[in-house]
Amino acid sequence: MENEIISFIDYSFAYQNSGQRALENINLSIKRGEIVVIVGPTGCGKSTLLRSINGLIPHMFQGEIKGSVTVDGLLVQESPVNELSKRVGLVFQNPENQIFMFTVERDIAFGLENTGVPRLEMKKRVDEAIESLGIGHLRYKPPYELSDGEKHRVAIAGVLAMKPDILVLDEPTSLLDPRSAMDLMKTIEGLHKKFGMTILIVEHRLEFSAVIANRIVVMNKGKIVSTGPVREILAAEESLKLGVGIPPITRLHMALKDGGIELGQTPITPKEFMQNVRGKLHD
Amino acid sequence: MISFQSVGFVFQNGTRGLHDVTLEIGEGITAIIGANGAGKTTLVRHMNGLLVPKLGNVFVNGQNTRDATVAQLSRMVGILFQNSERQLFSNTVEEEISYGLKNFGLRDDQIGAKVDEVLSFFDLSDYRGKSPLTLSGGEKKMLCLAVVLAWEPDFLVLDEPTIGQDSINKERIEALVRRLASKRKGIIIISHDVEFLWNLQPRVIAMSNGSILADGKASHIFSKRRIIQKTRIVRPQLLELSTILETVSNPFSSQDQAVNYLKDLMNKSPLKTSA
Ligand SMILES: Nc1ncnc2c1ncn2[C@@H]1O[C@H](COP(=O)(O)OP(=O)(O)OP(=O)(O)O)[C@@H](O)[C@H]1O
Ligand SMILES: Nc1ncnc2c1ncn2[C@@H]1O[C@H](COP(=O)(O)OP(=O)(O)OP(=O)(O)O)[C@@H](O)[C@H]1O
Ligand SMILES: [Mg+2]
Ligand SMILES: [Mg+2]
């Protein structure tokens, strides 16, 4: 495909000494500029999939690989991590594995210092990242003396400041208060519009991320079981069975549908739900 | 009963952790909400003696936390920490669970039975001999929960229990919390997941800047504009719907309630007669 930026072809991976495959025959193609949300039960292989994009697998986590992953023309297995990290920014599931400098500001600047970005540009990007994550008050604090949600915001800011072509986030809102989670989704949407970034988000709760996504990929037991437009996947019976975090308002819509009340397009927010209801009442 | 009496706490670097906190938590389900950095984790770390107040006192079942060790207090108050990786240190999943039980002086056969029970409850039996560090994020959290539950503490503190959990596991946690509450245990849940909390309809304590901002029923706390702003929450979707439909004096606390109301509403509408 011409504008394809990430491609998994017949890709399988087993962690060393684990005895079983964490990913099994994955075929997945992501287009440049897509926003894709990846969902699936606890332990199904979501983080493993993300690690296979930025080269943590196989360069940090050893194991047995079959097939291939290609990112922006680079074959991941054969490309050095520093080449990959120029293109892919990954926010880890656990922020403590990602922050290590003595102040928040230095931590956020760390990645940029290593890529030779001019000083002025660097300062501007750090300021922007701090501003968009709302952590100005933490700027000169040591990151390890922060609350968990604050640490998470620092980790996210560090990756955003890099302005990677491909932004990969592993449960980015799990430690954030709901307002910050919503703000983050707006920021991500903004970056997508402004720079055409390709964005992959792993999430269990879909209230916030579903609103900005183009597509959902559903995984189970190391495999991709379905992929499709957001509302289609949220409304699928299979998603409910697999424990996909379908928003309560979407569930309500489906329950009414089962009871014979058809309200129209599958909603993600209460506002959308009410538009449907009003539409029917004023018919 | 856990009781805080005018508790103040300041971190070594001068950051205010808690300010003049007075509250009592007994049996049943209590939720603690608040923005990032509000002091929620700092509050619960006072409950098993990991932190000791700078001012005031904390009592657990009448025992002043200043006069007890963390190990003694942990038998009464089990805490599931926000960051599970920090909580895991054994070589295998099985040892992780049995470790604490050994320290509490249980016999080997009791320990064995307990380990089996919690592993199967959390669907972790396949991981028995594996290193906890090779589990996925959500699995680690479940393992930590299994560890704490095995102690059967009077109070169970869950700091962000739903992180990394699919909705089936969330329902499992919800069922567990309800069961413990019915056995008259105290369950304290810190969570940013308002939808999860809304299902439980708990007492809610809202924190802001190290202080208690409000304390009351979920329907009250989640409706007040000032509290919503200060705790940076977003209203649960069913409550938001109730607000739009002006049923907020008796908001939908379950999907069934909403379904019934909407069925009624739609039946009254001309739509139904034409259909
Ligand atoms: N070890 C520490 N040293 C100094 N300050 C700290 C430390 N841990 C937390 N703080 C600060 O204390 C305040 C309360 O932190 P706490 O971890 O209790 O927040 P929280 O409500 O649990 O937040 P979150 O939702 O992010 O987990 C914050 O301002 C935080 O920056
Ligand atoms: N470092 C590792 N070594 C061995 N096995 C691992 C390792 N990391 C993960 N696994 C295993 O691989 C499988 C997939 O794990 P992964 O972390 O990708 O799941 P996940 O979908 O991200 O789950 P969660 O939603 O809980 O974060 C799990 O069975 C897990 O136990
Ligand atoms: Mg994961
Ligand atoms: Mg906390």
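Which shape class, rounded, prolate or oblate, goes with the protein assembly as shown when its Cα gyration tensor gives a ≥ b ≥ c as root eigenvalues, a/c under 1.5 marks rounded, and past that a/b bigger than b/c marks prolate? Rounded, because the longest to shortest axis ratio a/c is under 1.5.
Dividing the summed -39500 (n - 2.57) terms of all DSSP H runs of n ≥ 4 by the residue count of the protein assembly as shown sets its mean residue ellipticity at 222 nm at -11500 deg cm²/dmol.
Averaged over the residues of B:258-265, the number of partner chain Cβ atoms lying within 10 Å of the residue Cβ comes to 4. Take each residue of peptide A:139-150, count the partner chain Cβ atoms within 10 Å of its Cβ, and average: the result is 4. Measuring from centroid to centroid over Cα atoms, what is the spacing of the stretch B:58-92 and the stretch B:93-128 in Å? So the two Cα centres are separated by 18 Å.
Note on the stretch A:60-82 and the stretch A:145-205: Cα centroid distance 24 Å, given to the nearest whole angstrom. With the simple spin-label model, which puts each label point 7 Å out from Cα in the Cβ direction, the A:Glu262 to A:Ser29 separation comes to 3.4 nm.
For B:Leu50 and A:His282, a Förster radius of 60 Å and the Cβ-Cβ distance give a FRET efficiency of 0.55, rounded to the nearest 0.05. Multiplying the residue separation of A:Ala255 and A:Glu131 by 0.36 nm and removing their Cα-Cα distance gives an extension gain of 40.5 nm. A 1.4 Å probe run over chain A, with the rest of the protein chains in place, finds 43 Å² accessible per residue.
On association of chains B and A, roughly 4100 Å² of accessible area becomes buried (total for both chains; probe 1.4 Å).
Highest GNM mean-square fluctuation among A:Ser29, A:Ser147, A:Ser132, for chain A modelled with Cα contacts below 10 Å: A:Ser147.
Here the spin labels are modelled as points 7 Å beyond Cα on the Cα-Cβ line, and at B:Arg16 and B:Ser120 they lie 5.2 nm apart. With protein chains left intact and a 1.4 Å probe, residues in chain B average 43 Å² of accessible area per residue. Past the 29 Å Cα-Cα mark, which pairs from A:Lys123/A:Lys186; A:Lys124/B:Lys224; A:Lys86/A:Lys194; A:Lys186/B:Lys185; A:Lys280/B:Lys230; B:Lys114/B:Lys185? Beyond 29 Å between Cα atoms: A:Lys124/B:Lys224; A:Lys186/B:Lys185; A:Lys280/B:Lys230.
Peptide A:38-50 is shielded by partner chain Cβ atoms: per residue, an average of 4 of them sit within 10 Å of its Cβ. Axis angle, to the nearest 10 degrees, between helix B:93-103 and the longest C-alpha principal axis of chain B: 60 degrees.
Between B:Asn199, B:Asn250, B:Asn57, the residue with the greatest mean-square fluctuation in the GNM of chain B (Cα pairs under 10 Å linked by springs) is B:Asn250. Once the Cα atoms are used to define both axes, helix A:104-113 deviates from the longest principal axis of chain A by about 70 degrees. Cα centroids of the stretch B:185-250 and the stretch A:229-256: 24 Å apart. Judged by the gyration tensor of its Cα atoms, with axes a ≥ b ≥ c, chain B is oblate; a/c meets the 1.5 cut and b/c is at least as large as a/b.
Modelled label positions at B:Asp215 and B:Gln72, each set 7 Å beyond Cα in the direction of Cβ, lie 2.5 nm from each other.
Normalised by the number of residues in chain B, the average gap of Cα pairs under 8 Å and 6 or more apart makes the relative contact order 22 percent.
The values are calculated or read from the model by the stated rules, or taken from the named source; none is laboratory data. Just so it is clear, the model here is predicted, and its values are computed rather than measured. Positions of Cβ are backbone-derived with ideal geometry, glycine not excepted, and every protein chain shown enters the neighbour counts. Areas reflect the complete protein model, heavy atoms only, side chains present, ligands, DNA and RNA absent. Shrake-Rupley method; radii C 1.70, N 1.55, O 1.52, S 1.80 Å.
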